[in-house]
Amino acid sequence: MATIDEPLYPIAVLIDELKNEDIQLRLNSIRRLSTIARALGEERTRKELIPFLSENNDDDDEVLLAMADELGVFIPYVGGVEYANVLLPPLETLCTVEETCVRDKSVESLCRIGTQMIEQDLVDHFIPLVKRLAAGEWFTARVSSCGLFHIAYPSAPETLKTELRALYSQLCQDDMPMVRRSAATNLGKFAATIEPVHLKTDIMSIFEDLTQDDQDSVRLLAVEGCAALGKLLEPQDCVAHILPVIVNFSQDKSWRVRYMVANQLYELCEAVGPEPTRSDLVPAYVRLLRDNEAEVRIAAAGKVTKFCRILNPELAIQHILPCVKDLSTDSSQHVRSALASVIMGMAPVLGKDATIEQLLPIFLSLLKDEFPDVRLNIISKLDQVNQVIGIDLLSQSLLPAIVELAEDRHWRVRLAIIEYIPLLASQLGVGFFDDKLGALCMQWLKDKVYSIRDAAANNVKRLAEEFGPDWAMQHIVPQVLDLINNPHYLYRMTILHAVSLLSPVMGSEITCSQLLPIVINASKDRVPNIKFNVAKVLQSLIPIVDQSVVEKTIRPCLVELSEDPDVDVRFFATQALQSSDHVMMST
């Protein structure tokens, strides 16, 4: 009997769990749909499982979301693409629910299924589904339908294509703003499937309606449509239809629309081409850079370098640079921060002379800004300026500001400077580095903030790699080792960390003669934290030094530490001894 009932068991479990009050059981059941479908076989999945799911009226959004997701990859379980249409009814129902994320996932799954369906099935099943949703009584169905037109349209016969275009036009004029928003969002995808002859007539009239919508939430989505449509139209049509819309949007009464234009401006410039950009979009961009709303200025400031690349240097200096100077002293710290993150990229665009005359003073004022993020953004992009004006001028003008920032009260600014030091060192050269920055690197090892001390230890290692062991032996190692006698145990721990990082760079000889004795002496420290860090460092030195040194010096020290009263010291010492045994066995 059990063997006869076996195929019924999975569906029985599914039905029981789908009706269970515990949401987690219902979720687990939905997520196991593919397993259950395999157990049932393709025919029973089509005839029993899918109808059951269509009738399932679970009210929990999480369960519905999981179902919408599962059904998107269900084609193999119903018998392949020729039976894909059986998956449409449950997804159609899910497209009408109130929860947005469920509808979005259902539309995504329908699109995935639609792209695999046979052309005739699309005409017989998918297009009627789109038409039903588009004419739905509830706005939720109409919102979902907008995301399906680009799948339905290419396979439709001519008469249906005309009907689909007319339906989309109706959705763009729907009474509900949510439907118009969805239509505006999906217009670019739909337009990409439409023939050029209809693109100029039908789609452009739809687009113009959306750009004049009374809801700013619809108009700002139409801004994205500008860039998408611009790529589909011929250049002359783009200038005639898209350019006036962009210019109008840049003066829109809603700051959200202006913000969207500022954010999308580079893509919009690519759509209309370089000439119209220079003649028409430069005044629009200048307006955005001087906008009353800080959010709009932030978006515009963040695109300043990209925009200048489209222009010639003369236009950039004449029109954009005066705005940049104003923005560098803007009342909003976020505007200054957005400008600082991109302004360095203007140096290659403007060339050496303009950078020295016009940009360097702006860099210096931003480097001295009271807001740490502004200073950080300038520091992290200094290499772009170095490539244009050369290291001599950079060091004369900007280095004093960098030295000042190395002692900044905000630790994240100090951290950014430390991370930039190896790059700066390679650009400045060893002589300049020794004079100006060497002392700073030692100073950071005694910083009050752990992250700075940790970064300083890594910095010392990277400098040793950059300038070589001989330079490090002369300029770094003696000063680092002097700090092992610092009265504060946290600083002594930093030095041990620095030793473990320097050893692989310095090689076996210097490690044995200079670094190892310091570590061995530290094992007599009164602080347990130092002692167990000694054990860790000794473990890291084992592969670097000769076996004889391990036997004569390292192991006796570790044996002594393994008998320490402190449990952590014993643990790490024992671990290091085991590592030593393992190395001996492998050699």
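Descriptive notes on the structure:
- Segment 315-340, residues that are touching a Leu at 6+ places or on another chain (Cβ under 9 Å), outside any loop (DSSP other than H, G, I, E, B) and among the polar types (S, T, N, Q): S337
- Those helices (runs of 4 or more DSSP H) lying entirely in segment 122-182 with at least 2 residues farther than 24 Å from C101 by Cβ: 127-134, 158-172
- Subset of segment 341-363 [open to solvent by less than 10 Å² (accessible area, probe 1.4 Å), part of a helix (DSSP H, G or I) and in contact (Cβ under 8 Å) with a residue 40 or more places away in the chain]: M346, A347
- Some residue of segment 474-485 being modelled with pLDDT of 85 or more and open to solvent by 60 Å² or more (accessible area, probe 1.4 Å): no
- Residue selection: V527 fails the criterion of being free of Cβ contacts under 8 Å to residues at least 24 places away in the same chain, more than 30 Å from F467 (Cα to Cα) and surrounded by fewer than 20 Cβ atoms within 10 Å (Cβ to Cβ).
- Taken as a whole, the structure leaves T45 outside the set of residues that are under 29 Å from E137 (Cα atoms), buried (at least 20 other Cβ atoms within 10 Å of the Cβ) and of a type in the set (S, T, Y).
- Filter result for the condition that a residue is over 40 Å from the mean Cα position of the chain (by Cα), of a type in the set (S, T, Y) and at pLDDT below 65, over T3, T45: T3
- Matching residues in segment 287-307 - criterion: being open to solvent by less than 30 Å² (accessible area, probe 1.4 Å), assigned to a helix (DSSP H, G or I) and within 22 Å of V245 (Cα to Cα): L288, L289, V296, R297, A299, A300, A301, V304, F307
- Hey, V63 more than 25 Å from T185 (Cα to Cα), part of a helix (DSSP H, G or I) and open to solvent by 10 Å² or more (accessible area, probe 1.4 Å) or not: no
- Given (1) at pLDDT 70 or above; (2) assigned to a helix (DSSP H, G or I), index of the condition R409 fails: (2)
- Per the conditions (1) touching a helix residue (DSSP H, G or I) at 6+ places or on another chain (Cβ under 6 Å); (2) under 21 Å from D213 (Cβ atoms), the sole criterion not satisfied by Q251 is (1).
- Tally, over segment 186-203, of residues that are open to solvent by less than 20 Å² (accessible area, probe 1.4 Å) and either at pLDDT below 80 or not in a helix (DSSP H, G or I) (or both): 3
- Selection of segment 497-518 for residues being open to solvent by less than 10 Å² (accessible area, probe 1.4 Å), at pLDDT 85 or above and aliphatic (A, V, I, L, M) yields A498, V499, L502.
Conditions (1) at pLDDT 85 or above; (2) more than 25 Å from K253 (Cα to Cα); (3) of a type outside the set (G, A, S), marked per residue:
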| residue | (1), (2), (3) |
| --- | --- |
| P274 | no, yes, yes |
| L281 | no, no, yes |
| Y285 | yes, no, yes |
| R290 | yes, no, yes |
| A301 | yes, no, no |
| S332 | yes, no, no |
| R336 | yes, no, yes |
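- Matching residues in segment 173-185 - criterion: being of a type outside the set (K, R) and surrounded by fewer than 24 Cβ atoms within 10 Å (Cβ to Cβ): Q173, D174, D175, M176, P177, M178, T185
- Pick from segment 431-473, criterion modelled with pLDDT of 80 or more, aromatic (F, W, Y) and within 17 Å of E419 (Cβ to Cβ), ranking: surrounded by the fewest Cβ atoms within 10 Å (Cβ to Cβ): Y450
- Residue in segment 530-546 that is at pLDDT 85 or above, open to solvent by 20 Å² or more (accessible area, probe 1.4 Å), acidic (D, E) and not in a helix (DSSP H, G or I) present: no
- Tally of residues being within 27 Å of E82 (Cβ to Cβ) and open to solvent by less than 70 Å² (accessible area, probe 1.4 Å) across segment 97-140: 20
The values are calculated or read from the model by the stated rules, or taken from the named source; none is laboratory data. Because the structure is predicted, anything quoted here is derived from the model rather than measured. No Cβ is skipped: glycine too gets one built from the backbone with ideal geometry, and neighbour counts run over all protein chains shown. Remember, those area values only see protein heavy atoms, side chains included, never the ligands or the DNA or RNA. Shrake-Rupley method; radii C 1.70, N 1.55, O 1.52, S 1.80 Å.
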